[in-house]
Amino acid sequence: MLAAFINKPGVPLVTLALDPDGKLRLTQRRFHNLGDPQLPGQWQIPVVLTWGKGAETHRERILLKDLEQVVNLPGLAGADWIYPN
């Protein structure tokens, strides 16, 4: 996993979207500056999701391997807040 960050040029940019059904869609692409060409890139990215619902706090670790990955985490639907790291 670390070799991809060392040997590949650029850095990944991960975006999250919460679908109406409570599933979380993670997407990765190579970060680029405005005006630079968009070059392909794919990494294996460890993502830690922390979310809260009421007084409860939950944490889940995910390995983002694909360009887009959909995860279904129990309790994520209706979360008051989501903190991806």
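The values are calculated or read from the model by the stated rules, or taken from the named source; none is laboratory data. Quick caveat: nothing in here was measured; it's all calculated off a predicted structure. All Cβ positions, glycine included, derive from the backbone under ideal geometry; neighbour counts span all protein chains shown. Ligands, DNA and RNA are excluded from the accessible area calculation, which covers all protein heavy atoms including side chains. Shrake-Rupley method; radii C 1.70, N 1.55, O 1.52, S 1.80 Å.
Odds and ends about this structure:
- (i) 61; (ii) 52; (iii) 55, with the label sought being that of the calculated percent of Cα pairs over 15 Å apart: (i)
- Full extension of the chain between V71 and F31 gives 12.1 nm of extra length, using 0.36 nm per residue less the Cα-Cα distance.
- Accessible surface of the chain [probe 1.4 Å, protein heavy atoms]: carbon and sulfur percent: 55
- Computed from label points 7 Å out along Cα-Cβ, the spacing between D21 and W81 is 2.9 nm.
- Accessible area in square angstrom per residue, the chain, 1.4 angstrom probe: 68
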